[in-house]
């Protein structure tokens, strides 16, 4: 093989690497029962016709990090972003097995779920420190935003300078107040949606192509 041929192959490889569409790992983070898995399922279903996992009114239904790969989202202006969506357990400082007992789960199973949920939170934080490229921070717009925010989570996001979109979820409920969340996070874009009903998810997709593209 001549030097000229090898040089052409190297240049070709460099050009392919340069123009190859980059895949971003986008983590959906937030407190328990904010609607993270509901949103993850909607994103995956809308763009690839699949789902990430089950949802439930029982807290900490998601107790392990779950990922769906190679989802290409296209905005109305034609821009697109290819992502791996990472659905994470609800981040909280303490998980009490009595939370599960309140939903009729037997004590032994409740203790097991609480242990799994605690391990899942640690796993989610590890992903955030090492493997996440951008964050959708999911908050329940029917609740006080300051009571939902996890300081450690915010600290890691800020220290890594990760792009973040704040999502004020559940705007289909009568007591929803997305304005409270917007006023709490004036430095970040806040998108009001209903992950369950699909309200305003097109705006979220548009913002995702801009911030994560």
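The values are calculated or read from the model by the stated rules, or taken from the named source; none is laboratory data. Please read all numbers here as calculations on a predicted model, not as lab measurements. Quick reminder, even Gly has a Cβ in these numbers, built from the backbone with ideal geometry, and neighbours come from all protein chains shown.
Here is a yes/no grid of residues against (1) assigned to a helix (DSSP H, G or I); (2) modelled with pLDDT of 95 or more:
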site: 99; (1), (2): yes, no
site: 119; (1), (2): yes, no
site: 128; (1), (2): yes, yes
site: 138; (1), (2): no, yes
site: 146; (1), (2): yes, no
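Give me the residue from region 39-69 that is closer than 19 Å to residue 202 by Cα and in contact with a strand residue (DSSP E or B) (Cβ under 8 Å, 6 or more places away or on another chain) and, out of that set, surrounded by the fewest Cβ atoms within 10 Å (Cβ to Cβ).
Here the answer is 50.
Here is a check on your reading of the model: is residue 168 in a loop (DSSP other than H, G, I, E, B) and either over 18 Å from residue 85 (Cβ atoms) or in contact with a helix residue (DSSP H, G or I) (Cβ under 6 Å, 6 or more places away or on another chain) (or both)?
no
Pick out the one residue from 181, 156, 101 that is under 17 Å from residue 27 (Cβ atoms) and in contact with a helix residue (DSSP H, G or I) (Cβ under 7 Å, 6 or more places away or on another chain).
Result of the check over 181, 156, 101: 156.
Could you give every pair whose Cβ atoms fall below 6 Å, whose first residue belongs to region 32-60 and is in contact (Cβ under 8 Å) with a residue 60 or more places away in the chain and on the phi > 0 side of the Ramachandran plot, and whose second residue is buried (at least 21 other Cβ atoms within 10 Å of the Cβ) and part of a helix (DSSP H, G or I), counting only separations of at least 6 or pairs across chains?
Every condition considered, the pairs that remain are 60/117.
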